[in-house]
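The values are calculated or read from the model by the stated rules, or taken from the named source; none is laboratory data. What you are looking at is a predicted structure, and each value in this text was computed from that prediction instead of being measured. Quick reminder, even Gly has a Cβ in these numbers, built from the backbone with ideal geometry, and neighbours come from all protein chains shown. All accessible areas refer to the heavy atoms of the entire protein, side chains included, with ligands and DNA or RNA removed. Shrake-Rupley method; radii C 1.70, N 1.55, O 1.52, S 1.80 Å.
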Amino acid sequence: MKRIYNLKIFSIEVIAIAIALVFLVPFYYVIVNSLKPFAEILLNTSALPKELMWENYSNAFEKMNFGKVFLNSLIITVSSNIVIVVFCSMAAYMLVRTKGKLSTVLFFMFVAAMVIPFQSIMIPLVKFTGKIHLINSIPGLVFMYLGFGAGLSIFLYHGFIKGIPIELEEAAIIDGCSRFGVFWRIVFPLLKPITVTIIILNSLWIWNDFLLPLLVLQDASLRTIPLATFYFFGQFTKQWDLALAALVISILPLLILFFFLQKHIIKGITAGSIK
C-alpha cells in the first residue's frame, strides 16, 4: 500500500515538473533570442545563439530611453498601489463593520465590477476622461487604476477584515480612540499579509499594462516600459532583437519583487479566503 502511495506521489511530482517546464518555454525563447542578431532570430528561433550579442541590451536600453520610461512606470505603479491600498482598505473596513443591506449591495457591486470586460467600456472611458481633462496625465491614469483595481482589492480586504476580532476595536474606542484612529492604529497593521498580496498582484498588472496607458498617455515623455517596447514594432520593420532584450530588462524588476515577496501571496490569499 505504501509503495502504491509513493508511486502516486512520484507520478504527481513528474507531472508537476513537466508542467513547470512547459510554462518556462516562453522564458527560454525570450532570453535566448534576446542574445541573437536579428538575422539569426529569423533563421531559427529555438536554437541557442552562436555568439552572445550583449549589444542588444545596451542598444535597447538607449533607444527606448529606459531611464525615463522606467521612472514613469515606477511612479505610476507606486502611486496606484498607494491609492488602491488606502481607499480600498478603508472601504472594505466600513463595508464589513457597517451592517445593513446597503453595505451588502455595495460589496456585491464592487465584486460584480470585476467581470466587466475593459474593452466594453474602453471608448466611453476615454471620452469621459477627456471631458474632465484626465487624458495625457499620470494622475489621471492613477485615478483610473484605482477604479479598475478596487473590485479585487476590496474583495480581498473584505474577507480578511471579517476575521479580525471586533473586541480589539471596542477596547480602543473605550480608551478614547476615534473611529479613524482605530482603523489606522489597530486594524490596518493587522492587514499586512493581505496588503502585501494586493500590492504584488496590482504591481504585476499595472507594470505590464499596455492598453490603458496607450489610450491615456499620448505624450512621448510619459511612455511606460510596455509602450516604449511597442515602438520597436513599426509598420514595415520589427526589431525583434531589441524588443526581446527590452522585454528581459522590463521583467527583471518584477521578478526580483516577486521572488522576495511570493510567500506573502499564498499567505494573504489563504488567510483572506479562510477568514
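Residue under question is residue 173, and the condition is that it be open to solvent by 20 Å² or more (accessible area, probe 1.4 Å), of a type in the set (Val, Ile, Thr), assigned to a helix (DSSP H, G or I) and farther than 18 Å from residue 85 by Cβ; does it hold?
Details: open to solvent by 20 Å² or more (accessible area, probe 1.4 Å): yes; of a type in the set (Val, Ile, Thr): yes; assigned to a helix (DSSP H, G or I): yes; farther than 18 Å from residue 85 by Cβ: yes.
Spelling it out, residue 173 is indeed open to solvent by 20 Å² or more (accessible area, probe 1.4 Å), of a type in the set (Val, Ile, Thr), assigned to a helix (DSSP H, G or I) and farther than 18 Å from residue 85 by Cβ.
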For region 99-139, give me the residue count where each residue is closer than 25 Å to residue 210 by Cβ, surrounded by fewer than 17 Cβ atoms within 10 Å (Cβ to Cβ) and not hydrophobic (A, V, I, L, M, F, W, C).
11
Going through (1) at pLDDT 85 or above; (2) open to solvent by 40 Å² or more (accessible area, probe 1.4 Å); (3) over 27 Å from residue 204 (Cα atoms) one by one, residue 183 fails only at (2)
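What tally of residues in region 185-227 results from selecting those that are in a loop (DSSP other than H, G, I, E, B) and over 19 Å from residue 91 (Cα atoms)? Please lay out each step first, then the result.
First pass over region 185-227, keeping only residues in a loop (DSSP other than H, G, I, E, B): 191, 209-210, 217-219, 223-224.
Of the ones still in play, those that are also over 19 Å from residue 91 (Cα atoms) are 209-210, 217-219, 223-224.
Adding up the residues that qualify gives 7.
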Among (1) crowded, with 20+ Cβ neighbours inside 10 Å; (2) modelled with pLDDT under 90 - the single one residue 202 does not satisfy:
(2)
May I ask you to list the residues in region 31-73 that are open to solvent by 40 Å² or more (accessible area, probe 1.4 Å), closer than 23 Å to residue 253 by Cα and touching a residue at least 24 places away in the same chain (Cβ under 8 Å)?
31, 53, 57, 59, 61, 63, 65, 68, 70
Do the conditions hold for residue 89, that is, is it modelled with pLDDT of 85 or more and farther than 28 Å from residue 201 by Cα?
no
Return the total of residues in region 186-199 being more than 14 Å from residue 84 (Cα to Cα), in contact with a helix residue (DSSP H, G or I) (Cβ under 6 Å, 6 or more places away or on another chain) and open to solvent by 50 Å² or more (accessible area, probe 1.4 Å).
1
Return only the number of the condition from (1) surrounded by fewer than 14 Cβ atoms within 10 Å (Cβ to Cβ); (2) touching a residue at least 12 places away in the same chain (Cβ under 8 Å) that residue 86 does not satisfy.
(2)
